[in-house]
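S.K.: Before I ask anything, let me first share the structure, which is written out below as structure tokens.
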Amino acid sequence: MAAVEKPGVDYLRPRTWQDAVALKTENPAAVPINGGTDLMVDLNFARSRPPTLLDLSHLDELRRWEKSNGTVELGAGVTYTDVLEHLGSDLPALALASRTVGSPQIRNRGTIAGNLATASPAGDAHPPLLATGATVRVESMRGIRDVPIGRFFTGPKRNVLEPDELIRSVLVPSARGPQQFSKVGTRNAMVIAVVSFALAFDVPSRHVGTGIGSAAPTPIEAADAAAYLDRELAREGYWEDHRELSAGVVDGFADRVAAASRPIDDVRGPAGYRVHALRVMARRTLRWAWSALATDGIHAH
Amino acid sequence: MLIEVTVNGRRRTAENVWAGESLLYVLRERLGLRGSKDACEQGECGSCSVYLDGDLVCACLVSAGQADGAEVVTVEGLADGESLHPIQQAYVSEGAVQCGFCTPGLILATHCLLEANSDPSDDEIREALAGNLCRCTGYEKIVSAVRLAAMETAVG
Ligand SMILES: Cc1cc2nc3c(=O)[nH]c(=O)nc-3n(C[C@H](O)[C@H](O)[C@H](O)COP(=O)(O)OP(=O)(O)OC[C@H]3O[C@@H](n4cnc5c(N)ncnc54)[C@H](O)[C@@H]3O)c2cc1C
Ligand code: FES
Ligand code: FES
């Protein structure tokens, strides 16, 4: 590989994305490193000592986003800081979630793609990506495949990536209505979610999307709750007059969100607390988003 | 591997480095720069904060391989010879330093904040320093030090 520097057998720094993809096929055991905010903790504590690191952090072409046809394509190098500084109006839920991640130091390095690859049930990018129906674009020498976010996670810290595959980008539909994200933790900063929830209204299609974090073995959608809300809003004529939602509709939604979860007891909180918190978050985010929609007016979107 | 890093404007090299060891380890153990502190090694405490190519980062979460060819600024790069940087002076003046372990990281985080925002509110100060833990001061004096540093740098 002439285009690639090999400063040592244990470290590969591709100069282009194409080289990175080729190197991953040649060295399927090589571990990608991007922001390093998950991986370095493992290395520092000697939980793993990969034979080879594949450094993606110097690929400028990954540190980009592109807007086209109502979609923002986030390159795999895009950080939380990038999202919250530049993409707040296109991707409000993801930007809200990005604001809650770690500290400035973590947000400056940590990437959305790294969050996906780690696939923690508590990853903060996941609920917004679920609520907005994002797609993960994965590449290997065999080609590109687009994985709908709902099928990306296969278990706690597991995902569909094959050993020769890398995440190239994430495609997120631009917001066409109000979005919310809410996270419960033990303090305001530097905290892993005890439970989290995202909600996104797509006004033109009169659809709501949802995403739940930290309340099941993987991040999940609350599909039942979303279908219920879509049906009730249409049936009761809420889209016509934007009146305040009835307590019945709000509770019906919140109960179904809570029912979608399969939480466990762990060090960050008992299962019962998570279900309770989720119900409260679902209620609040729905009220916030609906009132934003009523204020902006349906025609603003 | 052999790595070359520009630290505080000087080109430095280190040999026989494992690509997966941290930049913090390189700075402290290979280059003898002990200003950046090593406490948690998991990004939680911020005492290892440095600039990496202009971004504030935890040096414990950057691998040596990634740092090869980079420009790093550590707390040792702020003072001008024997005279303290105004931010360092503000921490001393306000009594924001007790054991001092957190101080280098906080100085860097304060520097980064004031570069972007020369007149931060208390909330903005707290948010910017959220990744830096101090076990001694209770933070009040640190926030005062940042306010003082903001004033001093605005005047100077
Ligand atoms: C102090 C601290 C606080 C944190 N707070 C939060 C928080 O509030 N919320 C949250 O969700 N997370 C948090 N995290 C976790 C972490 O910051 C995020 O998961 C981050 O998004 C990881 O991205 P990265 O680029 O740093 O990943 P890296 O550490 O570089 O990589 C993570 C994993 O992804 C793989 N990988 C990276 N890029 C690719 C790619 N393009 N293709 C395939 N595989 C890839 C790596 O091999 C590795 O297994 C925190 C971490 C720390 C240390
Ligand atoms: S030692 Fe790096 S953040 Fe604590
Ligand atoms: S002064 Fe001791 S930790 Fe802050």
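The values are calculated or read from the model by the stated rules, or taken from the named source; none is laboratory data. Being a predicted model, the structure only gives us computed values, none of them experimental. A quick note on method: Cβ atoms are made from the backbone with ideal geometry, for glycine too, and the neighbour counts reach across all protein chains shown. With ligands, DNA and RNA removed, areas are computed over all heavy atoms of the protein, side chains included. Shrake-Rupley method; radii C 1.70, N 1.55, O 1.52, S 1.80 Å.
S.K.: Inspect all residues belonging to region B:65-74 and state whether any of them is within 16 Å of the chain's Cα centre (by Cα), away from ligand 1 (no atom under 16 Å from the Cβ) and open to solvent by 20 Å² or more (accessible area, probe 1.4 Å).
M.R.: Yes - at least one qualifying residue is present in region B:65-74.
S.K.: Quick check on A:G75: is it small (G, A, S), in the same structural domain as A:S169 (by TED's automatic domain parsing) and within 11 Å of ligand 1 (Cβ to nearest atom)?
M.R.: yes
S.K.: What do you reckon, is B:L78 touching a His at 6+ places or on another chain (Cβ under 7 Å) and either at pLDDT 95 or above or open to solvent by 60 Å² or more (accessible area, probe 1.4 Å) (or both)?
M.R.: Working: touching a His at 6+ places or on another chain (Cβ under 7 Å): yes; either at pLDDT 95 or above or open to solvent by 60 Å² or more (accessible area, probe 1.4 Å) (or both): yes.
Yes, satisfied.
S.K.: Still on this structure: Considering only region A:245-301, state which residues are open to solvent by 70 Å² or more (accessible area, probe 1.4 Å) and among the hydroxyl-bearing types (S, T, Y).
M.R.: Passing the criteria: A:Y273, A:T295.
S.K.: I'm trying to understand the selection: among the residues of region A:18-42, which are more than 9 Å from ligand 1 (Cβ to nearest atom) and either in the same structural domain as A:S120 (by TED's automatic domain parsing) or open to solvent by 10 Å² or more (accessible area, probe 1.4 Å) (or both)?
M.R.: Once the filter is applied, which keeps residues that are more than 9 Å from ligand 1 (Cβ to nearest atom) and either in the same structural domain as A:S120 (by TED's automatic domain parsing) or open to solvent by 10 Å² or more (accessible area, probe 1.4 Å) (or both), region A:18-42 yields A:Q18, A:D19, A:A22, A:T25, A:E26, A:N27, A:P28, A:A29.
S.K.: Would you pick out the residues in region B:81-116 that are of a type in the set (D, E) and crowded, with 21+ Cβ neighbours inside 10 Å?
M.R.: None; the set is empty.
S.K.: When the residues of region B:122-148 are filtered to those that are part of a helix (DSSP H, G or I) and open to solvent by 40 Å² or more (accessible area, probe 1.4 Å), which remaining residue is nearest to ligand 1 (Cβ to nearest atom)?
M.R.: Ranking the candidates gives B:E127 first.
S.K.: Right, A:G185: within 14 Å of chain B (Cβ to nearest Cβ), farther than 18 Å from A:G36 by Cα and within 10 Å of ligand 1 (Cβ to nearest atom) or not?
M.R.: For A:G185, the condition - within 14 Å of chain B (Cβ to nearest Cβ), farther than 18 Å from A:G36 by Cα and within 10 Å of ligand 1 (Cβ to nearest atom) - is met.
S.K.: With respect to B:D119, determine if the residue is surrounded by fewer than 23 Cβ atoms within 10 Å (Cβ to Cβ) and either under 24 Å from B:R34 (Cβ atoms) or out of contact with any helix residue (DSSP H, G or I) (no Cβ under 9 Å at 6 or more places or on another chain) (or both). Steps first, answer last, please.
M.R.: Numbers: surrounded by fewer than 23 Cβ atoms within 10 Å (Cβ to Cβ): yes; either under 24 Å from B:R34 (Cβ atoms) or out of contact with any helix residue (DSSP H, G or I) (no Cβ under 9 Å at 6 or more places or on another chain) (or both): no.
The answer is no for B:D119.
S.K.: Give the residue that is nearest to the other protein chains (Cβ to nearest Cβ), with candidates limited to residues of region A:114-130 that are in a helix (DSSP H, G or I) and more than 9 Å from the chain's Cα centre (by Cα).
M.R.: Once the filter is applied, the top-ranked residue is A:G114.
S.K.: Report those strands (runs of 3 or more DSSP E) wholly inside region B:8-115 carrying at least 3 residues which are at the interface with another protein chain (Cβ under 9 Å from one of its Cβ atoms).
M.R.: In region B:8-115, B:55-58 are the strands (runs of 3 or more DSSP E) which contain 3 or more residues that are at the interface with another protein chain (Cβ under 9 Å from one of its Cβ atoms).
S.K.: Under the condition of being assigned to a helix (DSSP H, G or I) and surrounded by fewer than 20 Cβ atoms within 10 Å (Cβ to Cβ), which residue from region A:82-104 is farthest from the other protein chains (Cβ to nearest Cβ)?
M.R.: A:H86
S.K.: Let me ask something else about it. Return only the number of the condition from (1) surrounded by 16 or more Cβ atoms within 10 Å (Cβ to Cβ); (2) more than 10 Å from chain B (Cβ to nearest Cβ); (3) free of Cβ contacts under 8 Å to residues at least 24 places away in the same chain that A:R64 does not satisfy.
M.R.: (1)
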